[in-house]
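To start, the structure itself, in structure tokens.
The values are calculated or read from the model by the stated rules, or taken from the named source; none is laboratory data. Since the model is a prediction, treat every value here as computed from it, not as a measurement. Here the Cβ positions follow ideal geometry from the backbone for every residue, glycine too, while neighbour counts run over all protein chains shown. Surface accessibility is based on the protein's heavy atoms, side chains included, excluding ligands, DNA and RNA. Shrake-Rupley method; radii C 1.70, N 1.55, O 1.52, S 1.80 Å.
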Amino acid sequence: MRPFRRALRWILLGLAGLAAMAFAASLLLVFWGDPEFARAPDFSPEALAASGLDFSQNYPARAARFPMADGLELAAQIHGSDPATTILLVHGVLSSSYPLNSAAGLLHQATGARVVAIDLRGHGASGGRPGDIDYVGQYEEDLAEIVRRLRTEAPGGRLMLAGHSMGGGIALRYAERRDFPPVDGYLLFAPYLGWEAPTTPQASREPEGAEFLKIHGPRLVGLALHDAVGLEVFNGLRVMFFNLPPEMPLRSYSYRATVSQAPADFRQALAEVDAPLLVLVGDQDESFLAERYPEAIGPHGQVLILPGANHNTVLRTPESLAAVASWLGS
């Protein structure tokens, strides 16, 4: 027995040594230095206009606050008052309800629906840390709190969950949760389906010039390894970085916030969608591969590729608004 015990001891020591080396290697990945940008991008009015961003505040809205389970409040802008149909609109990365004023106002005008455009926690006028949440999945849990509130206010009305880009990915994460209150439809504008989706380009599609986005690949891998064994202590470290002026409070996202921007498996999420689904994307989209959306969505919903629209203008083009109005009417 002694030789056996001695051999077992050496095997266990060897395994422990390998585990320690693997953990040390993962820490090296996690604490690798943050990426740096060589030069600032063009933020001239002309460049912003070309991107389709619209910061005008031409459509009247009333401010609202939604308390969350942890006491934090989310801000919202509400267009219209008829609760017969409500569109809960979730913004994309770095955004808030403020740049969606035109989109929300036009949606209200085109459909007659009440449009509730929210600021996710850590965004816009909402509470929370910029670009961070407390745990993976908190974004969609916040949505569930708002849906419950809206259902209570209008128990007989229809409620559509809409999202742009990252907001579309969060909406699909919502669809996966059977413990959440159901919605009557999903309206997604150029949704982010996840890193492995065919709609996500695997190489940068940014035009020549300064880089705008960098992913900290080594840290992302290291934290994913930690997550696999239940180690979440470093999940607040930043993995997604944007080339923005240092005075802007939101310039990066933590690992837990980044993971929460899209479902882990878009196929599984789409299979859980149990309400009508409409996906709108412009054929000039700069962020995602518009032509791959029909393949990705498959039989789970309707996909419309709109000529001339880009990643941001798809929210506001007359063709988009007419499509949404027709979909709601049907």
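Side notes on the structure shown:
- Tyr253 vs. criteria open to solvent by less than 20 Å² (accessible area, probe 1.4 Å), among the aromatic types (Phe, Trp, Tyr), closer than 22 Å to Leu29 by Cα and in contact (Cβ under 8 Å) with a residue 24 or more places away in the chain: yes
- Qualifying position, being open to solvent by 40 Å² or more (accessible area, probe 1.4 Å), in contact with an Asp or Glu (Cβ under 9 Å, 6 or more places away or on another chain), over 22 Å from Ser96 (Cβ atoms) and of a type outside the set (Lys, Arg), among Phe31, Phe37: Phe37
- Phe266 being touching a residue at least 40 places away in the same chain (Cβ under 8 Å) and buried (at least 21 other Cβ atoms within 10 Å of the Cβ): yes
- Residues that are more than 27 Å from Gly131 (Cα to Cα) and open to solvent by 10 Å² or more (accessible area, probe 1.4 Å), drawn from region 278-295: Asp283, Gln284, Glu291, Arg292, Pro294, Glu295
- Looking across region 310-330, the residues that are in a loop (DSSP other than H, G, I, E, B) and in contact (Cβ under 8 Å) with a residue 40 or more places away in the chain come down to Asn310, His311, Asn312, Arg316.
- Yes/no for Phe234 being modelled with pLDDT of 95 or more, within 25 Å of Asp134 (Cβ to Cβ), touching a Phe, Trp or Tyr at 6+ places or on another chain (Cβ under 8 Å) and surrounded by fewer than 21 Cβ atoms within 10 Å (Cβ to Cβ): no
Each row is one residue, and each column tells you yes or no for (1) in a loop (DSSP other than H, G, I, E, B); (2) more than 21 Å from Met248 (Cα to Cα); (3) of a type in the set (Phe, Trp, Tyr).
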{"position": "Leu27", "(1), (2), (3)": "no, yes, no"}
{"position": "Phe66", "(1), (2), (3)": "no, yes, yes"}
{"position": "Leu74", "(1), (2), (3)": "no, no, no"}
{"position": "Ser81", "(1), (2), (3)": "yes, yes, no"}
{"position": "Ile87", "(1), (2), (3)": "no, yes, no"}
{"position": "Pro99", "(1), (2), (3)": "yes, no, no"}
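- Meets criteria (within 21 Å of Leu161 (Cα to Cα) and aromatic (Phe, Trp, Tyr)) for Phe241: no
- Residues being in contact (Cβ under 8 Å) with a residue 40 or more places away in the chain, in contact with a strand residue (DSSP E or B) (Cβ under 8 Å, 6 or more places away or on another chain) and of a type outside the set (A, V, I, L, M, F, W, C) are entirely absent from region 223-234.
- Failed item, numbered, when Pro99 is tested on (1) out of contact with any strand residue (DSSP E or B) (no Cβ under 7 Å at 6 or more places or on another chain); (2) under 17 Å from Gly169 (Cα atoms); (3) open to solvent by 10 Å² or more (accessible area, probe 1.4 Å): (2)
- Scope region 40-61; condition more than 16 Å from Pro99 (Cβ to Cβ), touching a residue at least 40 places away in the same chain (Cβ under 8 Å) and either touching a Leu at 6+ places or on another chain (Cβ under 6 Å) or among the charged types (D, E, K, R) (or both); matching residues: Asp42
- Of the residues making up region 102-113, those that are open to solvent by less than 20 Å² (accessible area, probe 1.4 Å) and part of a helix (DSSP H, G or I) are Ser102, Ala103, Ala104, Gly105, Leu107.
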